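Notes to accompany the following structure.
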C-alpha cells in the first residue's frame, strides 16, 4: 500500500514535470519601450497625486506649479522617446 | 517669510528647551522619590529589577510559575532585606553575590556593561549624523533634471495631452 | 538512514511514516532540480540570448519541479497530521507531541509544536508560496524564473533540515508505548492553533520579496516593476507577521498568567526584528516606486529582513540564547549559521557586482518632505531593530568579553525602546501630512496647526483629569503617547476629510459616499492611513500599562479582596477531573462600586499525559480595563487558594488596534477603483500588456 502510494506520487509528479510541452513561455528581455511605459505610468500617477493633493489644500500654488512643471517636463521627455521608438518599430 | 521662519524656529527651540527642562525635572524627582519611597513601593521597584532564577526567564515579581520555590525564596529574601533597612544598592548587591549577575533584570550601568546602554543611542545618533550628511551631499550634488523642452507647438500639444490625462 | 526509510519492524503502523519520509525526499529532489536546472537554464539564456528552444524548456521543467515540490511536501505534511490523528506513536515526533485524549484541533497543532514538525511546516509553507509564485509566472516570465530559482535554493536548505538533522518521521526506538507524552499544556489553547502558522507565514513570506529583489538585481531588471509585483506579497506577509505577533501577545496574556503580554523574551524579539525591518521596507519601497530613490537601501532592507527571520530562528533553535519557549538544544544551529553565511555572501557578492544598476534617479529635494519623513521613519525603525538585536545578543557578547552572562530584561527595553517607540508614533502623525518632494513652510503651518492643537489639548485635558507626568517616567511616557495619539488621529482624520471634500466638490455626492470613493481610488494610501490609526490605538492600549495595579491574597470561603473599584468575594473552591486533566478552581463574585458585575472562575489544571501544571486565567475585559484573576495555587499550611488580581487599564484597545491594522492592510490589498482610468482614453489594445487579475492596480 505504502509502495503504491509512493509510486503514484512519484509517477504523477514525474509526468507533470517532464511531460513534453507544446509551447513554453518565452523569457523575453524587457525592452526599452516597456520600461518607458512603466516610467510614464509612474509619473502620471505622481502627477495625479500632486493634482489631488493640491486640490485638497496641501500645496501653496507656487509649490504646486513648480512641481507640476518639473514632472510634466519629465513626462514629456518620456512620451517623446516612446513616440520615437514606436515610430522606429512601426517603420521596421 | 524668512523672518517668520526664524521666529518660529526660536519658539521651537524655546519649547524644546522647556521640554528638556521638564524631562530632567521629572528624572530628578524620580530619583528623590525612589530614595524616600515606602517599603511597599521599594519592594515593587526592586522586585521588578530582579529576575526569578529558576530558569523561567521572568521578572521576579511576575514569576507565576506554579509551585516555583525559587521565586518565593527570593521574594522572602527581598522582604527581609528591606525590613533590615538595606539600601537599594546593597539589596541588589546581595542578590548578585548570592545568585550571580544574571539575577539583575538589566545589566548594571558600570564597566563593560555600560556599553549595553550606550550602544543603541550611539548607533541612533550615528545613523542620524549619517543621514544628515547624506542629505547634505544630495543637496550639493542634485541629479540633473532633464532639460526644459523647447517651446514649440508640438511640445505644447504633448503637455496639454499630459495635463488632460492626469486630471482628477 | 535505516530508521529514515522506515524499516518494517513496526508493521502497518509505520506505513504512513514511510510515505511521509518518501514525500520529503521527493520534495528535496524536486526543489534541488528546480534550483540546479533553473540556474543552468537562466545561465544559458543569459549567455546566448538568441539560442534555440532548449534552455526555455529546461526552465519550464524547473518551474514545474518547483510546483511538484509543493505537492510532495503537502503529502508529507498530510502524512504527519494523519499520524497524529491515528495516534501512530511509532513515529517518535507524534509520541512526544500528542496523546490519545488530546482534543482534535490540538492534534492538528501537533504539526508545529516541536522542532521537526515546525520545520516541516516551514518547508511546506515555503513551497506553498513558491507554488503561487510559479503558477503566476506570466506576470514576468524571466523575473519569476530568477525568483523561483532563488526560492528553490532556500527550499533546498529547509528541506535538507527535515531530511538530515530533524526528520519528523523518525521512528520510535524500542517498544512503542500505548499512549503519547502529550502536547505541552501551554500550547493547548485555541489561539495556539493559529498563532504559529501565522507567524511562520510571516517569516517565510519575506523569502518571496527577497527572492524577487535578489533576482531583479542579478538580472539587472530595468525599472521598478518588481516592486509592483512584490508589493502584495510584502503586504500579505507583513499582515501575517503582524497578526502572528499579536496573537502571540494575546496568547501570552491569556495563558501564561503573569498579567502582561510582552516580556522581551528572545523568541518574541526574534519575531519583532524582521517585523521592524519589514515595516521599514514597506515604507521606503514607496520612495523607489514613486521616485526611483533609495534603491540600494531597499535591496539591503529586504536582504536584512530575510536574514533576520533566519537569524531569529537560529537564535531560538540553537540554544544560543536562553528563552522561555526555546526549542530543545540541537545541532541545527550549525546548519543555520552556514546557511546565513551563504545568504550573506551571495547578497554581498551580487550587490558589489551589480551596484551600478542601483543608481538613484532622483534625490531628496527638501528636508521637509514625505521622502525625508520616510527616511527618518526608516532610521527609527532600524534603530529599534538594532536595539532589540543588541539586547538579545548582549548576554552572549558580555559572556565573551567579561566571562560572565548578564540578563537583558524588560527594564532595559522599557528604558531604551519606549522612547524610540514614542518617536515613531510622532513620525506616524507627521509623515502623511508632509507632501512628496518638498513641503513649504506655509503648508507645514497650514497642515500642522490642528493636529498640534489636538495634541496639546489632549495633554492638558489629561493633566486636568489627574495625570501627573512629573511623578514617574511611566506616566510621562503615557501622557506623551496619549497626546501624540490625538495628534496622529487628527492628522490622519484631516487627510480623509480634505480628500473627501475634493471628491465631494467633484461629484456633488454626500460626505460618506465621498469618503468611500476616496478610499477606493487609492486603497493603498487610505488603507495605510487606517493601519496608522490601528497603530495609534495599539499604542494607547500599551500606554495603559503605566497604571497597572495588582494584589495577591489567600482567599478562603467568603473571604474578600478589594482592588480599585472592584471587590471580589469567594463563593466556593473545588476540584474536578477529566481524561485530559485534573483541575482546581475558585468561584468569585465580582462587585463594582458595590453592584454585582460578574462571576469569575480562575483555574489551575494538571495535565495527565505531560505531568505539567497550568493556570487558566479568568479575565473580565472591558474597554476601560481588564480585571485579570489568576489562581496561584494553595497555601500548603492552610490549604486555602491564593488568588492574584491584576487591573490592566486599556488592554482591550491593543486587540482592537490590531483588528484595525489588519482591516487597513486588507483594504490596501484591494485593487484601486480607477476613476482616472474611466476618464482617460484607453490605449490601443496592442500596447497593453495584460496583467493577470490582482497584479497591477
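The values are calculated or read from the model by the stated rules, or taken from the named source; none is laboratory data. Please read these numbers as outputs of a predicted model, since none were measured by experiment. Reconstructed Cβ throughout: ideal geometry from the backbone, glycine too, with neighbour counts over all protein chains shown.
Computed values, structure above
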{"item": "Checking residue C:463 against (1) free of Cβ contacts under 8 Å to residues at least 60 places away in the same chain; (2) in a helix (DSSP H, G or I); (3) surrounded by 19 or more Cβ atoms within 10 Å (Cβ to Cβ), the condition it does not meet", "result": "(3)"}
{"item": "Qualifying strands (runs of 3 or more DSSP E) (wholly inside segment C:573-674; at least 2 residues being surrounded by fewer than 16 Cβ atoms within 10 Å (Cβ to Cβ) and not assigned by TED's automatic domain parsing to the domain that holds residue C:89)", "result": "C:581-592, C:595-600"}
{"item": "Segment C:61-70: number of residues that are within 28 Å of the chain's Cα centre (by Cα) and at the interface with chain A (Cβ under 7 Å from one of its Cβ atoms)", "result": "1"}
{"item": "Any hit, segment C:86-94, residues being in contact with a helix residue (DSSP H, G or I) (Cβ under 8 Å, 6 or more places away or on another chain), within 14 Å of another protein chain (Cβ to nearest Cβ), crowded, with 24+ Cβ neighbours inside 10 Å and under 24 Å from residue C:128 (Cβ atoms)", "result": "yes"}
{"item": "Wholly within chain A, helices (runs of 4 or more DSSP H) carrying at least 2 residues that are within 14 Å of chain B (Cβ to nearest Cβ), touching a helix residue (DSSP H, G or I) at 6+ places or on another chain (Cβ under 7 Å) and at pLDDT 85 or above", "result": "A:32-55, A:61-91"}
{"item": "Test: residue C:58 is over 30 Å from residue C:611 (Cβ atoms) and out of contact with any strand residue (DSSP E or B) (no Cβ under 8 Å at 6 or more places or on another chain)", "result": "yes"}
{"item": "Among (1) touching a residue at least 60 places away in the same chain (Cβ under 8 Å); (2) part of a helix (DSSP H, G or I), the one test that residue C:436 misses", "result": "(2)"}
{"item": "Total residues in segment C:125-181, condition part of a helix (DSSP H, G or I) and either under 11 Å from residue C:66 (Cβ atoms) or away from chain A (no Cβ under 14 Å) (or both)", "result": "31"}
{"item": "Residue C:406 being touching a helix residue (DSSP H, G or I) at 6+ places or on another chain (Cβ under 8 Å) and either part of a loop (DSSP other than H, G, I, E, B) or at the interface with another protein chain (Cβ under 10 Å from one of its Cβ atoms) (or both)", "result": "yes"}
{"item": "Boolean, residue C:400 is farther than 21 Å from residue C:281 by Cα, assigned to a helix (DSSP H, G or I) and free of Cβ contacts under 8 Å to residues at least 24 places away in the same chain", "result": "yes"}
{"item": "In segment C:507-560, the residues that are out of contact with any helix residue (DSSP H, G or I) (no Cβ under 7 Å at 6 or more places or on another chain), assigned to a helix (DSSP H, G or I) and under 25 Å from residue C:425 (Cβ atoms)", "result": "C:525, C:545, C:547"}
{"item": "Failed item in (1) at pLDDT below 95; (2) touching a helix residue (DSSP H, G or I) at 6+ places or on another chain (Cβ under 9 Å), with residue C:240 passing the rest", "result": "(1)"}
{"item": "Helices (runs of 4 or more DSSP H) completely within segment B:1-86 that count 2 or more residues being within 12 Å of chain C (Cβ to nearest Cβ) and at pLDDT below 50", "result": "B:2-36"}
{"item": "Residue check for residue C:382: closer than 15 Å to residue C:284 by Cα, facing another protein chain (nearest Cβ under 10 Å), at pLDDT below 90 and buried (at least 18 other Cβ atoms within 10 Å of the Cβ)", "result": "no"}
{"item": "Criterion: touching a residue at least 60 places away in the same chain (Cβ under 8 Å) and under 19 Å from the mean Cα position of the chain (by Cα) - qualifying residue of C:123, C:128", "result": "C:123"}
{"item": "Single match in C:58, C:73, C:120 (criterion: surrounded by 24 or more Cβ atoms within 10 Å (Cβ to Cβ) and within 12 Å of another protein chain (Cβ to nearest Cβ))", "result": "C:73"}
{"item": "Test: residue in segment C:161-170 that is assigned by TED's automatic domain parsing to the domain that holds residue C:108 and more than 30 Å from residue C:307 (Cα to Cα)", "result": "no"}
{"item": "Subset of segment C:262-294 that is within 14 Å of chain A (Cβ to nearest Cβ) and part of a helix (DSSP H, G or I) - its residue that is surrounded by the most Cβ atoms within 10 Å (Cβ to Cβ)", "result": "C:285"}
{"item": "Number of the exception - residue C:425 against (1) away from chain B (no Cβ under 14 Å); (2) farther than 30 Å from residue C:375 by Cα", "result": "(2)"}
{"item": "Residues within segment B:109-133 that are surrounded by 14 or more Cβ atoms within 10 Å (Cβ to Cβ) and modelled with pLDDT under 85, tallied", "result": "1"}
{"item": "Residue C:416 vs. criteria free of Cβ contacts under 8 Å to residues at least 40 places away in the same chain, assigned to a helix (DSSP H, G or I) and either within 9 Å of another protein chain (Cβ to nearest Cβ) or under 30 Å from residue A:69 (Cα atoms) (or both)", "result": "yes"}
